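These notes are about the structure you will find just below.
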Amino acid sequence: MKTDADCLPCYLRQALQTARLAGADEKTARGVVLAVAALLPTLTEGRTPPENSMAVYAKITELTGVADPYQAIKAASNREALTAVAALRPLLDQVENPLFLAIRFAIAGNIIDYGAAARFDVEAAFRRCRELPLAVDDGGPLMARIQALRDDEEVLYLCDNAGEIVYDRLLLEQIAKTKCRMAAVVKAGPIINDALVADAHVAGLGQYAEIIDNGAVCPGTPLALCSPDFRRRFARAALVIAKGQGNFESLSEGEREIFFLLTIKCSVVGTHLAELAGLPEALPGQGEMAVFRYGTS
């Protein structure tokens, strides 16, 4: 997905939000926004929004001197999710198809996205996820692929945000029943509230999957910037599941099959997803949930 004109004011919003989280005074925050505004004409139109955001966040770090402004928020998101997930796990034992429900819980967790919004209602997302029709529903093919996994095959699970990854654990638990190998993939360094290796360990993902990073500091998975080892594993994985908008934005025009699980929080993403999925009209990007199978196996 290419960077759209609507992405530019979003970068400015993120710049101000992040500068304030970094503790910047108003003069510094204003300087950050103006510096990012000056940066926008230099961004490459053909790149994805996550790739272009790397320059934006590098500029914010340069001017504020804070490498991880979302560190406290990520820790709080993990703590809150670890408390909340205890009420969700018993629900999986009460349904005929726990895999189906775990997929929906994983998508609902994607509401925790400080790149898309400063505020969101996590409890509401989990209430509605059980009944809300999916805007794109390739859940059937995904469940079939999971259930057919062999113990000599590997699943790459591309994580997105801190807090959200606690809910991902519910889905990893279900996939682990196949006895396949799994790797939970996080980012190599701090950017927005994306999960890092430490967050994945806090969430308990290591109980079910090997925890690795992709070698890139980007709120997505730009393959050209990822480590050679990750690219090799990405190419040979039996199944790739990618969480969130950033992974969708950076991988939606690749060459292999990927199952994207996301809550759509942006009209640009909604339009692009609708086009790829062959929907008759664009999705508004107001919290629609989707399981989208891209490419072929």
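The values are calculated or read from the model by the stated rules, or taken from the named source; none is laboratory data. Source: prediction; values computed, not measured. Using ideal geometry, Cβ is built from the backbone for each residue, glycine included, and neighbour counts are taken over all protein chains shown.
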Take G23 and decide whether it is farther than 20 Å from S250 by Cβ, surrounded by fewer than 16 Cβ atoms within 10 Å (Cβ to Cβ) and small (G, A, S). yes
Taking A35 as meeting all but one of (1) assigned by TED's automatic domain parsing to the domain that holds T221; (2) modelled with pLDDT of 95 or more, write down the number of the exception. (1)
Quick check, is D168 part of a loop (DSSP other than H, G, I, E, B), within 30 Å of A58 (Cα to Cα) and of a type in the set (D, E)? no
Got a sec? Which helices (runs of 4 or more DSSP H) wholly within segment 1-76 have at least 3 residues that are on the phi > 0 side of the Ramachandran plot? none
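Please indicate, with yes or no, whether at least one residue in segment 141-149 is under 21 Å from G220 (Cβ atoms) and in a helix (DSSP H, G or I). Before you say what the answer is, go through the steps one by one.
The first filter runs over segment 141-149 and keeps only residues under 21 Å from G220 (Cβ atoms), leaving 142.
Now restrict to residues that are in a helix (DSSP H, G or I): 142.
Yes, segment 141-149 contains a residue that is under 21 Å from G220 (Cβ atoms) and in a helix (DSSP H, G or I).
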Residue check for D121: among the acidic types (D, E), over 18 Å from A176 (Cα atoms) and surrounded by 14 or more Cβ atoms within 10 Å (Cβ to Cβ): no
As an exercise: evaluate N247 against (1) surrounded by fewer than 18 Cβ atoms within 10 Å (Cβ to Cβ); (2) in contact (Cβ under 8 Å) with a residue 24 or more places away in the chain; (3) within 18 Å of P49 (Cα to Cα) and give the number of the one condition it does not meet. (1)
Mind telling me which of the residues T178, T263 ends up being polar (S, T, N, Q), surrounded by 24 or more Cβ atoms within 10 Å (Cβ to Cβ), in contact (Cβ under 8 Å) with a residue 24 or more places away in the chain and under 28 Å from N97 (Cα atoms)? T263
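Can you work out which of the residues in segment 219-228 that are out of contact with any Phe, Trp or Tyr (no Cβ under 9 Å at 6 or more places or on another chain) and surrounded by 12 or more Cβ atoms within 10 Å (Cβ to Cβ) is farthest from V56 (Cα to Cα)?
Checking each candidate, the answer is S227.
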Is at least one residue of segment 121-128 touching a residue at least 40 places away in the same chain (Cβ under 8 Å), small (G, A, S), in a helix (DSSP H, G or I) and out of contact with any Gly (no Cβ under 8 Å at 6 or more places or on another chain)? no
Give the residue that is surrounded by the most Cβ atoms within 10 Å (Cβ to Cβ), with candidates limited to residues of segment 129-140 that are free of Cβ contacts under 8 Å to residues at least 40 places away in the same chain and in a loop (DSSP other than H, G, I, E, B). R130
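Quick check on segment 150-165: of everything there that is part of a strand (DSSP E or B) and either outside the structural domain of G109 (by TED's automatic domain parsing) or of a type outside the set (A, V, I, L, M) (or both), which residue is nearest to R293 (Cα to Cα)?
Y157
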Does A116 qualify as being crowded, with 22+ Cβ neighbours inside 10 Å and either in contact with a Ser or Thr (Cβ under 6 Å, 6 or more places away or on another chain) or in contact (Cβ under 8 Å) with a residue 12 or more places away in the chain (or both)? yes
